[in-house]
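For reference, the structure discussed in these notes is given below.
The values are calculated or read from the model by the stated rules, or taken from the named source; none is laboratory data. For clarity, every value in this text was computed on a predicted model and none was experimentally measured. All Cβ positions, glycine included, derive from the backbone under ideal geometry; neighbour counts span all protein chains shown. Accessible surface is based on the protein model in full, side chains and every heavy atom, while ligands, DNA and RNA are left aside. Shrake-Rupley method; radii C 1.70, N 1.55, O 1.52, S 1.80 Å.
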Amino acid sequence: MGLIAFLKTQFIVHLLIGFVFVVSGLIINFIQLCTLVLWPIHKQLYRRVNCRLAYSLWSQLVMLLEWWSGTECTLFSDKDTVDKFGKEHVIIILNHNFEIDFLCGWTMTERFGVLGSSKVLAKKELLYVPLIGWTWYFLEIVFCKRKWEEDRDTVVEGLKYLSDYPEYMWFLLYCEGTRFTETKHRISMEVAESKGLPKLKYHLLPRTKGFTTAVQCLRGTVSAVYDVTLNFRGNKNPSLLGILYGKKYEADMCVRRFPLEDIPLDEKEAATWLHKLYQEKDALQEMYNQEGTFPGQQFKPPRRPWTLLNFLFWATVLLSPLFTFGFGVFASGSPLLILAFLGFVGAASFGVRRLIGVTEIEKGSSYGNQEFKKKE
């Protein structure tokens, strides 16, 4: 094992990376709070500034995937579709099977220059998660309770606010509503059978209300829907902890572009279109499991240096005073100061672990275990 590989497995290194992410995130959140004064004066300037602030935080996680773990992301698509990446507003539909599916998506948005302006329809609980939810709030992310009767007005209003967004945005929808588990899948397929819908093998039954509403509200802004089906070579099931330990994965992403004008205007017809799309996604996953590849040309967009340079900037700014302070504490010989410093380190470790826990499948919400039994 080389020195770099050894360092990637050390807890103290993970703690330092977490420290940089958390403290830089709090600084960024404070700056975002200050930018609120721009909103009534120049809304579009506020948005552009916050896109770059969000990039400075999210790109640190992308750096872990691209530079720390060396994970490779390969696109399977056609040249015409790839040529449009980062040059139009789009809705992204991504399967929700893996702990780092969002991170693979962020990697692609970074390589095509839309990481800071990427959006998502997120569960409201994430609004209260430090750094993640707080940054999303300033980015005008649409939060929902996943109870359509309560969410309808909030979602419609939030989407309409985005209709004049000044930078190209990729709006991510997890149409399954929650991450795939065997229990949720079994319940979901019972609902499919009761509704006379074809059963899916690798996906949950898509929840159509969010999709049809997004399509209706963003017509005239969004040019297309990108369907993305993600899988990992070698039947791997990667985790954020694995990335932190420097494990390298190979992600394959099949991307298909559907012009928005090809999606029906009628809500019921659009819902039927989405169900058909998920049947096609299921067939793509079956093909991948059998052949180890997706159809289409292979593209490997090169990683850019900005994610690494951004992290090195924050590490330089934040770790230098930390090391100086820590050395001073131990040099003082004061048991009280030393215990306080160690307590701070312990609290930081706990906080970083809790943030990582947000992505873990086994610690995910129970949403879907019963909700699929209810009518949309």
Alpha-carbon Rg/Rh ratio, for region 1-147, with Rh computed the Kirkwood way: 0.99
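With only alpha-carbon atoms in the gyration tensor, what are the semi-axes of the equivalent ellipsoid for region 91-237, in Å, largest first? Intermediate values should be presented prior to the final figure.
Numbers: eigenvalues 123, 76, 47 Å².
They are 25, 19, 15 Å, listed largest first.
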Express in % the proportion of alpha carbon pairs of region 116-186 at distances exceeding 21 Å. 30 percent
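Counting residues in region 103-153 as N, plug N into 2.2 N^0.38 Å and put the Cα Rg over that result.
Values: Rg = 12.4 Å, N = 51, 2.2 N^0.38 = 9.8 Å.
Computed over Cα atoms of region 103-153, the ratio equals 1.26.
Calculate how large, on average over all directions, the projected area of the Cα convex hull of region 147-214 is; give the answer in nm² to one decimal.
Numbers: hull surface 23.1 nm².
The number I arrive at for region 147-214 is 5.8 nm².
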For the chain, find the longest principal axis of its Cα atoms and tell me its angle to the long axis of helix 101-111, 0 to 90°, nearest 10. 80 degrees
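For a 32 Å ceiling on Cα separation, which of these pairs sit above it: K184/K276; K160/K248; K119/K300; K124/K201; K43/K281; K184/K236?
Details: K184/K276 20 Å; K160/K248 40 Å; K119/K300 23 Å; K124/K201 29 Å; K43/K281 38 Å; K184/K236 21 Å.
In this structure, K160/K248; K43/K281 exceed 32 Å between Cα atoms.
Would you mind getting me the FRET efficiency between R233 and S332? Use the beta-carbon distance for r and R0 = 41 Å, nearest 0.05.
0.20
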Could you work out how far apart the two model spin labels at R48 and D83 are, taking each label as a point 7 Å from the Cα in the direction of the beta carbon, and quote it in nm? 2.8 nm
Over the alpha-carbon set of region 272-314, divide Rg by the Kirkwood Rh and report the Rg/Rh ratio to two decimals. 1.30
Rounded to a whole number, the Stokes-Einstein D of the chain in µm²/s (Kirkwood radius over Cα pairs; 10 °C; 1.306 mPa s) is 72 µm²/s
Would you mind getting me the FRET efficiency between E286 and D262? Use the beta-carbon distance for r and R0 = 35 Å, nearest 0.05. 0.90
Here the longest stretch of the chain that holds no trypsin sites (Lys or Arg not before Pro) in a DSSP loop having at most 15 other beta carbon atoms within 10 Å is 249-373
Which ³J(HN,Hα) values, rounded to whole Hz and listed in residue order, are derived for region 314-327 from phi using the Karplus coefficients 6.51, -1.76 and 1.60 in 6.51 cos²θ - 1.76 cosθ + 1.60 with θ = phi - 60°, glycine and proline given as x? 5, 4, 5, 5, 9, 7, 4, x, 5, 5, 5, 5, x, 4
How big is Rg to Rh over region 1-82, alpha-carbon atoms, Rh as the Kirkwood inverse-mean-distance radius? 1.14
Can you give me the angle between helix 182-194 and the longest principal axis of the chain, using Cα atoms only, in degrees from 0 to 90, rounded to the nearest 10? 20 degrees
Pairwise label distance in nanometres, I27 with T183, each label 7 Å out on the Cα-Cβ vector: 4.2 nm
Residue-normalised value, i.e. accessible area per residue, for the chain at 1.4 Å probe, in Å², stands at 47 Å²
Modelled FRET efficiency - R0 41 Å, K160 with A5, Cβ distances, 0.05 increments: 0.25
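Would you compute, from DSSP H runs of 4+ residues alone, the mean residue ellipticity of the chain at 222 nm, taking -39500 (n - 2.57) per run and dividing by the full residue count, rounded to the nearest 500?
Values: 13 runs with 192 residues, N = 376.
The helix-only estimate for the chain comes to -16500 deg cm²/dmol at 222 nm.
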Just to check I understand the Karplus step: with θ = phi - 60° and J = 6.51 cos²θ - 1.76 cosθ + 1.60, what whole-Hz values come out for region 76-85, glycine and proline as x? 10, 7, 10, 4, 4, 5, 4, 5, 8, 4
What list of ³J(HN,Hα) couplings, whole Hz, do you get for region 285-294 from phi and the Karplus terms 6.51, -1.76, 1.60, once you set θ to phi - 60° and write x for glycine and proline? 5, 5, 4, 5, 5, 7, 10, x, 7, 9
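In the P(r) worked out for region 217-292, what percent of Cα pairs fall beyond 16 Å?
Distances greater than 16 Å cover 63 percent of the Cα pairs.
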